[in-house]
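The values are calculated or read from the model by the stated rules, or taken from the named source; none is laboratory data. Note that the structure is predicted; figures quoted are calculated from it, not measured. FYI the Cβ positions are ideal-geometry reconstructions off the backbone, even for glycines, and counts take in every protein chain you see. Note: areas computed on protein heavy atoms with side chains; ligands, DNA, RNA excluded. Shrake-Rupley method; radii C 1.70, N 1.55, O 1.52, S 1.80 Å.
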Amino acid sequence: MASTPRPFSSLRCIGCGRGYPLGEIRYECEACSGLLEVVHDLDRLKKSRDGAAWRRLFDGRMGVKAGIHRSGVWRFHELILPDLPEAAIVTKPEGDTNLYRSPRLEKESGAACVHIKHEGENPTLSFKDRGMSAGVSFARHLGVDLVACASTGDTSAAMAAYAAQVEGMRGVAVLPQGKISMEQLSQPIASGCLTVSLPADFDTCIRLLREVCRKRPVYLLNSVNPVRIEGQKSIAYEMLQQLGWEPPDWIVVPVGNAGNISAIGKGLFDLHALGIIDRVPRLLGAQPEAAAPLARAHREGYRERVRVKAADTAASAIRIGDPVSYDKAVAAVRRSKGAFLSASEQEIMDAKALVDATGVYICPNSATAVACFLKARGEGIIGADEKVVIIATAHGCKFSQATIDYHGGRLAGVVPGRANRIIELEADPAALERLLAPGGGAASRKDGQ
Ligand code: F0G
């Protein structure tokens, strides 16, 4: 009789270490309520190939035209969810986002080498597609037909679009009323998701939903679901592959619910354990001052868990005062010898305009990472000779109102130092000609516009 192969992966509590099978639907430890993580049998993976052989395997899949390896998540299948059968995988495909070198940020900061990994170039225009491809694939594998998330916009957009690809699967999105952009709100509606709006902030939305998911057979697809983290960590894999497996010194990540920075940390430590990279970059987590519990915890030496009441911010996707993956994020950042910083609304929107004007259109959440990077350079936390990758998490097109309000001088408390104002003219060719004549206002763009 053929024996079932021993699984590569299981669940483990990050607090007390208690283990569970991966196939059990649970989001927290039964014994201590700690967060769960997926752990892979790294010894077995290590025995199967050395670091160079892993790099060759992944590099050999670059540019394939069909199949799951076209995806920037599933190209790394063996390190994401090795036991998940290929037939269960739901992919658009996602990933393969550009890694832009930014001479403008290098000049502005004096840092030697700065790249922006633009995750807004994913199918639903945010980094969430990576984790959601893993989450929805796993839900399909389990035979789940109802999936749900609370969201500041992007998670629900991704969940809705991936669930829509699975016959018989329905998504439920629970959203904070009036706190997400119109473009984001339109996405779950368009994809046929049950879209629920609550007169509450995100922290309340997720608390309510978690309560319901404990009682009802609804599969929770927030990043507290450890399977999501496995897909999410492919940002780190793909970025390193694009850099020829040469790690940068720093990776800067905007932080809200803190799943992404935890995932990137986990991905990096796994790559290091398998000999695929020779050192682990430091992580810098970036938050808006309006919602910066982790930046405060960092300043206070992580003495105790910090929760804040989040205030309004243009970086609405990271308007979170009580991040669910707090403990994982603190562990990853401390292990990498990194830091958390915060930036003001002025700093965020000026940083956004600076990067946008180079033709790389980012959102206010991503700009929070740019602003914190500039601050870290200014304070000498990041050295002039260091290599930096900034993760842009969503596309600027998802937050058009913030862009238009900034350039039109209509963002409360923000002086638009880099404004590119709309010029209103009469519908008369002579008026346009006057504007375009030498000295008429259409003179060449000033650096730093
Ligand atoms: N950037 C964007 C554009 C986001 O949508 C989010 C999170 C983050 C950064 C922060 O990532 O939560 O893993 O620390 N958005 C979630 C959502 C909360 O519901 O879409 P995180």
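With a cut-off of at least 1 residues that are under 26 Å from L283 (Cα atoms), name the helices (runs of 4 or more DSSP H) lying wholly within the stretch 149-248.
154-163, 202-215, 226-232, 234-242
If you scan the stretch 325-337, which residues turn out to be in a loop (DSSP other than H, G, I, E, B) and surrounded by fewer than 24 Cβ atoms within 10 Å (Cβ to Cβ)?
Once the filter is applied, which keeps residues that are in a loop (DSSP other than H, G, I, E, B) and surrounded by fewer than 24 Cβ atoms within 10 Å (Cβ to Cβ), the stretch 325-337 yields S336, K337.
I need every pair where a residue in the stretch 120-136 that is among the hydroxyl-bearing types (S, T, Y) has its Cβ under 6 Å from the Cβ of a residue that is part of a loop (DSSP other than H, G, I, E, B) and more than 10 Å from the ligand (Cβ to nearest atom), sequence separation at least 6 or different chains.
S133/V73; S133/T91; S133/E94
Looking only at the stretch 208-231, count how many residues are surrounded by 15 or more Cβ atoms within 10 Å (Cβ to Cβ) and of a type in the set (D, E, K, R).
3
Give the residue, chosen from S336, S344, that is among the hydroxyl-bearing types (S, T, Y), more than 18 Å from P176 (Cβ to Cβ) and within 16 Å of the ligand (Cβ to nearest atom).
Matching residue, one of S336, S344: S336.
Can you find a residue that is in contact with a Gly (Cβ under 9 Å, 6 or more places away or on another chain) and surrounded by 18 or more Cβ atoms within 10 Å (Cβ to Cβ) anywhere in the stretch 17-29?
yes
Go through the stretch 167-189 and give me each residue that's of a type in the set (S, T, N, Q) and in contact with an Asp or Glu (Cβ under 6 Å, 6 or more places away or on another chain). Let's see the steps before the verdict.
Just the residues of the stretch 167-189 that are of a type in the set (S, T, N, Q), to begin with: 177, 181, 184, 186-187.
Of everything in the stretch 167-189, nothing turns out to be of a type in the set (S, T, N, Q) and in contact with an Asp or Glu (Cβ under 6 Å, 6 or more places away or on another chain).
Take the residues in the stretch 239-277 that are in contact with a strand residue (DSSP E or B) (Cβ under 8 Å, 6 or more places away or on another chain) and among the charged types (D, E, K, R), then tell me which one is surrounded by the fewest Cβ atoms within 10 Å (Cβ to Cβ).
Checked the stretch 239-277; the qualifying residue surrounded by the fewest Cβ atoms within 10 Å (Cβ to Cβ) is D249.
Condition (residue is within 16 Å of the ligand (Cβ to nearest atom), within 23 Å of E183 (Cβ to Cβ) and crowded, with 18+ Cβ neighbours inside 10 Å) applied to the stretch 97-104: is it met by at least one residue?
Yes, the conditions are met somewhere in the stretch 97-104.
List pairs: first in the stretch 245-268 and aromatic (F, W, Y) and away from the ligand (no atom under 12 Å from the Cβ), second open to solvent by less than 10 Å² (accessible area, probe 1.4 Å) and in a strand (DSSP E or B), Cβ under 7 Å, 6+ apart or cross-chain?
What qualifies is W250/L284; W250/V388.
Among the residues of the stretch 114-155, which ones are touching a strand residue (DSSP E or B) at 6+ places or on another chain (Cβ under 6 Å), away from the ligand (no atom under 15 Å from the Cβ) and open to solvent by less than 10 Å² (accessible area, probe 1.4 Å)?
Answer for the stretch 114-155, where residues must be touching a strand residue (DSSP E or B) at 6+ places or on another chain (Cβ under 6 Å), away from the ligand (no atom under 15 Å from the Cβ) and open to solvent by less than 10 Å² (accessible area, probe 1.4 Å): V114, A139.
Out of the residues in the stretch 387-441 meeting the condition of being touching a strand residue (DSSP E or B) at 6+ places or on another chain (Cβ under 6 Å) and not polar (S, T, N, Q), tell me which one is farthest from the ligand (Cβ to nearest atom).
Restricting to residues being touching a strand residue (DSSP E or B) at 6+ places or on another chain (Cβ under 6 Å) and not polar (S, T, N, Q), the top hit is K387.
Could you look through the stretch 278-304, keep only residues that are within 18 Å of the chain's Cα centre (by Cα) and within 14 Å of I251 (Cα to Cα), and pick out the one that is most open to solvent (accessible area, probe 1.4 Å)?
R282
For the structure I just gave you, tell me whether A351 is touching a helix residue (DSSP H, G or I) at 6+ places or on another chain (Cβ under 7 Å), open to solvent by less than 20 Å² (accessible area, probe 1.4 Å) and outside any loop (DSSP other than H, G, I, E, B).
yes
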